[in-house]
Structure formats: C-alpha cells, structure tokens
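Engineer: Quick one: the structure is below, questions incoming.
The values are calculated or read from the model by the stated rules, or taken from the named source; none is laboratory data. Just so it is clear, the structure is predicted and the values come from calculations on it, not from any experiment. Positions of Cβ are generated from backbone atoms using ideal geometry, with glycine treated the same way; all protein chains shown enter the neighbour counts. Note: areas computed on protein heavy atoms with side chains; ligands, DNA, RNA excluded. Shrake-Rupley method; radii C 1.70, N 1.55, O 1.52, S 1.80 Å.
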Amino acid sequence: MSDTSRLNLPLLAAGQAQKHVTHNDALTDLDALVQLSVVARDMLSPPPSPAEGGIWLLGATPLDEWAGRGGKLAERRDGGWIFHAPRAGWIVWVEDEQVLLVHDGADWRGVLDGGAPAQLTRLGLATTADAANPFAAKLNKALWTALTTGEGGDGDLRFTLDKEATGNVLSLLFQSGYSGRAEIGLVGDDDLGFRVSSDGSLWQEALRIAAGGAVSFPSVGTTAAAANAVLDSGTGNALLRSTSSRRYKRDIQPLAPEVADRVLALSPVRYRSAAVRDRAEWSWYGLLAEDVAAVDPRLVHWTDEDEPSEGEDGARRLRPDAVQYDRLSVLLIDVVRRQRAAIDGLTARIAALEGRFGSLAG
C-alpha cells in the first residue's frame, strides 16, 4: 500500500530515495485537508488569479483545467492544481457563504445553513429533542426581528404556520406544568378559536371567529336577571347573554308596590367624569352606584375592591360599580302604572263631582 486509506497521504517506502519529497507532500495534503475550508462551492471554472493554497469545491461539470474533476476539491499548489476526492464524514467551511457542509458519501449537504441541502431531523437548544418534539428549546427569552432593508431584507416579519387540511390542527398551546390551559388557533376546522381548560383535559371554547368573519361566543352564559348582553364584573367580566323568556324564570309573582317604590328614594345627580376615556369638559347626568346599592343591591353591578379581601364569613368583599339602569325601568313602569291608575281614579271622581254640582246648579 503506497497511500493511507482515509486521506490518501503518500507513504514512505523502504529504501526510498528523497524521502523528504514524499514526506513534504503528505504534510502539504494534511495542511489542505485538516480543518478544511474552501473559498467557494459549485465552481465550474478556475478563478482568474487563484491564490496559492486556496481550495475550491467543484460543481458537477467543471471546465478548462478542472474538466473531468466534478465534485472534487481543487487546491492551488505550486502554480498548478491538486485534486482531492471527498469522503463521507468530511466537513468543510465555505468562506463566501459562511456555511458549514458535511459529505454524506455521495454529495455535500448543509449543516444549519438554512439552504435546501440542510435536512436536520431534530434540533434541541439546551434540551433534548425527540420524535414527538423534533425541535425543542429550553430558554427564558426569545427574539425574532425583521431583516432590515439595509441588510438585504424588506423590513417585514411574518411568522407562517401551515396545516395539511381543514380537519387538522394548527394552534398555539399554552401549558402550565405540561398541562394545557389555553389554546388559540384552527382546531379541527378553519375557524379561529380561543379555548381554555382548568385541567388540560376538558376544554371550554370562549370565542370563535368564523372563516367568513362572523364572531360568536360559544361559552357565553345566559342570565334572566338583566337585559341584552352584559359584562358581569362580579365574575371577572364574563359575558352573559340575557333573556326575558319565561322558560328561564321561576317563582313568578306580581311586583310588590313597596319594592317598586324604592326607586323614588333615588336622587339623580349632575357630575363631571373622572374616567380618562370620558370628555372632562362635559357634564353628565345619572345616579351613584353606592346610593343605588343602599336602596336595593340588585340594581347595581358589583366588582372586587381595589385591594381584594375576605369578610369574616370568607366571602369576597365587593363594591358597587355600575348602576343597572335597565332594571330601574322595570320599577318605574310599575310606579307609573299605579300612578296612572290613581290618576284615572281621581279623574273619574272629579268628573262625577262636576256632574253632580252641574246638575244642582241647573
């Protein structure tokens, strides 16, 4: 055997003359192939002024002095060309592209270069990737930033996720202790859904935006204690769909006059709003939730105190937050109805008296 089996380095023969020539050739080959770096890859013709010691990775069908040397490494040495045939496992750094390549025995393929040849099947950052999670990262922060126009990009950043078909899942799953708590995405259809779970097993959908744009609240509760749709501030601003249907009500009785008359104890006020979203220069008219709550606690919405605490019975301490004006109208209807009946009765009596006195005068 005159050459080594892996790098084809020339071996010294017994009794060989000018051993230093063979030895120097082997050293030169080692200098070229160890920590291998090439100027460029997929080259098809020699550069016009190749630097001594430079190496180029040739394409499939090179020309001129490189003809017939496709796929090999061309090294500029002593004004000529030395060619090296790569083997499986060789690693090379491509200087002009700043990428790392590895030879698989048939061709070069990229290692973390983002190009078509790169075919990593798993990648773990500070943790171990597996078949279920081929990309896994264990870190505290992550940053994605757009490639600016000055760097050759367009300044935009769009994160694209794609699923195979409508029935598949494409979502962001939020977990606590590796148990699902919230999910946003296209889960089994093409509608954008928002759902939550308290145990990672049973899920409740909170919001759905159909592919056509329609918005629905699948988990919206129903209340028969208010009108229209309301945000229940006492339960974390849960959205409730209100109904006036008889089927949601029980123990239906006429309204007691003394209950409706409570509305007459309320005192309307004129005020300026301290809320930042309201116009400070305007005057407003209304009622104070604290005053209304003192008359009837069912006429206001309640919310947690600024510093939540519990009473002696362990119940949450709440404070009145908003007047339920829609409930006031029900009480006013009863008051007006009874006043209308009283007025009608007085009107009838006056008419009867006028008739009696009119007949006496005649």
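Engineer: Mind listing whichever residues of region 201-215 are of a type in the set (A, V, I, L, M), outside any strand (DSSP E or B) and at pLDDT 85 or above?
Structural biologist: Leu202, Ala210, Ala211
Engineer: Mind listing just one residue for me: the one in region 242-257 that is surrounded by 10 or more Cβ atoms within 10 Å (Cβ to Cβ) and in a loop (DSSP other than H, G, I, E, B) and, of those, farthest from the chain's Cα centre (by Cα)?
Structural biologist: The selected residue is Leu255.
Engineer: Is there any pair linking a residue in region 142-170 that is assigned to a loop (DSSP other than H, G, I, E, B) to one that is hydroxyl-bearing (Ser, Thr, Tyr) and open to solvent by 80 Å² or more (accessible area, probe 1.4 Å), with Cβ under 8 Å and at least six apart or on different chains, and which?
Structural biologist: That search, which allows pairs on different chains as well, returns Gly155/Thr149; Leu157/Thr145.
Engineer: Test Ala67 against the stated conditions and say whether it is exposed (fewer than 14 other Cβ atoms within 10 Å of the Cβ), farther than 18 Å from Leu100 by Cα and not polar (S, T, N, Q).
Structural biologist: So Ala67 fits the description; yes.
Engineer: Separate question: Quick one: count up the residues across region 280-290 that are more than 22 Å from Arg337 (Cβ to Cβ) and open to solvent by less than 90 Å² (accessible area, probe 1.4 Å).
Structural biologist: Looking only at that region, the number is 6.
Engineer: Which residue, of Ala142, Ala165, Ala131, is out of contact with any Gly (no Cβ under 8 Å at 6 or more places or on another chain), loosely packed, with under 10 Cβ neighbours inside 10 Å and under 26 Å from Asp199 (Cα atoms)?
Structural biologist: Only one candidate passes the filter, namely Ala131.
Engineer: Hey, among Ala260, Ala293, which residue is free of Cβ contacts under 8 Å to residues at least 60 places away in the same chain and surrounded by 11 or more Cβ atoms within 10 Å (Cβ to Cβ)?
Structural biologist: Ala293
Yes/no matrix, rows are residues, columns are (1) hydrophobic (A, V, I, L, M, F, W, C); (2) in contact with a strand residue (DSSP E or B) (Cβ under 6 Å, 6 or more places away or on another chain):
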site: Ala137; (1), (2): yes, yes
site: Thr149; (1), (2): no, no
site: Phe159; (1), (2): yes, no
site: Asn168; (1), (2): no, no
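Engineer: Okay, moving on. Return the total of residues in region 263-279 being under 44 Å from the mean Cα position of the chain (by Cα) and open to solvent by less than 70 Å² (accessible area, probe 1.4 Å).
Structural biologist: Qualifying residue count for the region: 3.
Engineer: Could I ask something else about it? Evaluate region 67-75: report whether one residue or more is in contact with a Ser or Thr (Cβ under 7 Å, 6 or more places away or on another chain) and modelled with pLDDT of 90 or more.
Structural biologist: The answer is yes; a qualifying residue exists.
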